[in-house]
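The values are calculated or read from the model by the stated rules, or taken from the named source; none is laboratory data. These numbers were taken from a predicted model, which means no experiment stands behind them. Reconstructed Cβ throughout: ideal geometry from the backbone, glycine too, with neighbour counts over all protein chains shown.
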Amino acid sequence: MTISSHIRLALPGDGVMLAADAYGETAAPPVFFFHGGGQSRRSWTGTARMVARAGYRGITVDLRGHGESGWAADGDYFVDAYARDVEHLLAWAGRPAALVGASRGGQAAFIAASRHPKQVSLVMLADVAPWNAQSGLKRIFKFLAESLDGYTSVDEAADALAHLLERPRVADASGLAKMMRTAPDGRLFWQWDPATAKPDFLAPPEEEAAMVAAARRITCPTVLVRGSLSDLVPPENAARFKALMPHLVMVEAQGAGHMFTGDRNDAFGATLLEYLRKFAPV
């Protein structure tokens, strides 16, 4: 099917407005997409368009403090704040929705779904588990800390991103400009509130506890797509997640590392469509 041009939305979060793009028919079953920390809703555009062509309404959302969404006036960027935003989106949808999330966005979706079993048809997690490997966390924390000083050019930002993802640098870095903001002095910064990178918000003990509690109470179908090369969710942590939550379905994305969705949207989309058709058929 053909889909209409995307519609820009301003959606209600918990005290913040959330920027979103919607693809597909308004009356179609909603599928919300949530990105990882430091990313934006653009990382899910390809997959959202794919599900729209299959008869769903794909809605990509900027998390609080990211992209074009509002920054938290009270500075609250704990995982529960992100989860409360997802709860508000479920209320706005007014019908059962599927939730898809990578990294921080996956945590928020998972916790929110555990609190509203009748409002969620499916949760699909991209490289998310209650426990994270310290090696992966240190790599991400280092990138966030270094990025707080900004960059002199998109080429410098591209170099830093390539180092984080441990992949070759993109030949044309100009596309990164839409993911950045320019400070009065001309330096470039990623399009997120620097407060989100405060140590208090980076994997505190409360985050693990919230994820474990959610795993114990969640009842809706849940699928974990783990990157086979992930240094954040190694096989032993995925197995531990499965033991805690027996109905969890595990799928492995071969050759992919953490935050793989931006590079492997088509492959991830095919897996998502398989489970949408199973648990939330149009």
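All conditions but one from (1) out of contact with any Pro (no Cβ under 9 Å at 6 or more places or on another chain); (2) assigned by TED's automatic domain parsing to the domain that holds Ala215; (3) among the basic types (Lys, Arg); (4) free of Cβ contacts under 8 Å to residues at least 60 places away in the same chain apply to Lys142; the one that does not is (2).
Within the span defined as region 182-189, every residue fails to be touching a residue at least 24 places away in the same chain (Cβ under 8 Å), closer than 29 Å to Phe268 by Cα and buried (at least 19 other Cβ atoms within 10 Å of the Cβ).
Just one residue in the set Ala10, Ala28, Ala54 is surrounded by fewer than 21 Cβ atoms within 10 Å (Cβ to Cβ), more than 14 Å from Asp193 (Cβ to Cβ) and free of Cβ contacts under 8 Å to residues at least 12 places away in the same chain; that residue is Ala10.
A quick yes/no check of all residues on (1) small (Gly, Ala, Ser); (2) over 26 Å from Glu87 (Cβ atoms); (3) touching a helix residue (DSSP H, G or I) at 6+ places or on another chain (Cβ under 9 Å); (4) modelled with pLDDT of 95 or more:
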site: Met211; (1), (2), (3), (4): no, no, yes, yes
site: Arg216; (1), (2), (3), (4): no, no, yes, yes
site: Gly227; (1), (2), (3), (4): yes, yes, no, no
site: Ser230; (1), (2), (3), (4): yes, yes, yes, no
site: Val249; (1), (2), (3), (4): no, no, yes, yes
site: Gly257; (1), (2), (3), (4): yes, yes, yes, no
site: Thr261; (1), (2), (3), (4): no, no, yes, no
site: Arg264; (1), (2), (3), (4): no, yes, no, no
site: Gly269; (1), (2), (3), (4): yes, no, yes, no
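Determine whether region 172-194 contains at least one residue that is among the polar types (S, T, N, Q) and within 16 Å of Phe141 (Cα to Cα). Scanning region 172-194, I find no residue that is among the polar types (S, T, N, Q) and within 16 Å of Phe141 (Cα to Cα), so the answer is no.
In region 224-247, the residues that are in contact (Cβ under 8 Å) with a residue 60 or more places away in the chain reach residues that are in a loop (DSSP other than H, G, I, E, B) and among the hydroxyl-bearing types (Ser, Thr, Tyr) with C-beta atoms within less than 8 angstrom, at least six apart or across chains, in these pairs: Leu232/Ser103.
When the criteria are applied in full, Leu122 fails the requirement of being assigned by TED's automatic domain parsing to the domain that holds Ala22 and touching a Gly at 6+ places or on another chain (Cβ under 9 Å). Find the residue count for region 203-229, including only residues that are part of a loop (DSSP other than H, G, I, E, B) and among the polar types (S, T, N, Q). Total meeting the criteria: 2.
Comparison of Val128, Val123 shows that the only residue that is at pLDDT 95 or above, closer than 18 Å to Val212 by Cβ and not in a helix (DSSP H, G or I) is Val123. Looking only at region 139-189, filter to residues that are under 22 Å from the mean Cα position of the chain (by Cα), of a type in the set (D, E, K, R) and outside any helix (DSSP H, G or I); which one of those is modelled with the lowest pLDDT? For region 139-189, the residue satisfying everything is Glu166.
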